[in-house]
Amino acid sequence: MKFGILVNEGPYTHQAADTAYQFALAVINKGHEITRVFFYHDGVNNGTRLTTPPQDDRNIVSRWSEFANTHNIDLVICVAAAQRRGICDSGESKRNGKDTDNIAPGFRISGLGQLIEASILSDRLVVFGD
Amino acid sequence: MSLIHTVNKSPFDRNTLDSCLRLAAKGSSVLLIEDGVYGAIKGTEKSDLVTNAMSSIAFYVLGPDLQARGVSSDKLISGIKIVGYGDFVDLVAQHSATQAWL
């Protein structure tokens with residue numbers, strides 16, 4: 001079965017980013033497919049590589065990156081939500097005259113159409129948020 | 001097939017559990033996750049709300065989130081099933097769609 005996952009909450013806020021990750025892991029372990037994980041609203045903060053949590057804490061951002069790399073999962077950040085919150089890739093950075101980018105490996109920035117497409121292509125869409 | 005509703009906030013903090021149970025159709029399921037697991041405890045002000053709904057709705061609670069909060073199974077309203085993340089996936093697959101009450 002194909003699953004789409006929508007994450008609306010930032011990391012280290014309450015628990016939604018953690019629950020979404022544990023759910024995504026379980027989806028793969030059950031032999032299902034993840035069409036896309038879409039990060040919207042404060043959820044876009046899951047995709048900044050500048051995150052530096054204490055060493056004895058989980059690294060929510062790199063955990064997503066490793067998950068995407070291991071299982072070839074498409075992690076998409078909403079461009080409008082990202083611009084408001086200072087999440088950018090090199091292209092967005094240049095276009096907006098910024099001196100750096102901060103997108104984490106495995107993530108890409110795109111539009112809301114990617115969420116709609118994921119919901120069309122998936123058998124189930126599961127939402128995690130605050 | 002029916003819906004599965006997820007509730008992730010304590011019923012003593014938000015009214016999402018009340019809203020969910022007011023609108024959930026007969027034969028649907030409710031999965032309590034994160035702080036929502038507090039809604040599964042017996043003897044609270046919200047226990048009757050859940051117990052009354054159990055005649056027409058199946059209740060599940062996420063075990064790891066109970067453990068994280070020190071809530072043991074003997075504190076739960078009887079009839080609520082404890083599930084893991086794998087069961088969470090199965091429940092989503094078994095129902096026609098998921099509704100997250102945020």
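Among the residues of segment B:1-50, those that are among the β-branched types (Val, Ile, Thr) and buried (at least 19 other Cβ atoms within 10 Å of the Cβ) comprise B:Ile4, B:Thr6, B:Val7, B:Thr16, B:Val30, B:Ile33, B:Val37, B:Ile41, B:Val50. Just for segment B:51-87: of the residues that are in a helix (DSSP H, G or I), facing chain A (nearest Cβ under 9 Å) and in contact with a helix residue (DSSP H, G or I) (Cβ under 6 Å, 6 or more places away or on another chain), which one is surrounded by the fewest Cβ atoms within 10 Å (Cβ to Cβ)? Going through the qualifying residues, I end up with B:Gly86.
Residue-wise test of (1) out of contact with any His (no Cβ under 9 Å at 6 or more places or on another chain); (2) under 17 Å from A:Ile103 (Cα atoms).
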residue	(1), (2)
A:Gly10	no, yes
A:Thr13	yes, no
A:Tyr21	yes, no
A:Val27	yes, no
A:Gly31	yes, no
A:Tyr40	yes, yes
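Among the residues of segment B:6-28, is there at least one that is away from chain A (no Cβ under 14 Å), in a strand (DSSP E or B) and either of a type in the set (Lys, Arg) or closer than 30 Å to A:Gly31 by Cα (or both)? No, segment B:6-28 has no match at all.
Summed over segment A:75-130, the residues that are of a type in the set (A, V, I, L, M), within 14 Å of chain B (Cβ to nearest Cβ) and part of a strand (DSSP E or B) give a count of 3. Within segment A:1-42, the residues that satisfy the criterion of being assigned to a loop (DSSP other than H, G, I, E, B), touching a residue at least 40 places away in the same chain (Cβ under 8 Å) and either crowded, with 23+ Cβ neighbours inside 10 Å or more than 9 Å from chain B (Cβ to nearest Cβ) (or both) are A:Glu9, A:Pro11, A:Tyr12, A:Thr13, A:Tyr40.
A short reminder: the numbers here are calculations on the coordinates, not readings from a lab. None of the values given here were measured: they were computed from a predicted structure. For neighbour counting, all protein chains shown are included, and Cβ atoms are generated from backbone atoms with ideal geometry for every residue, glycine included.
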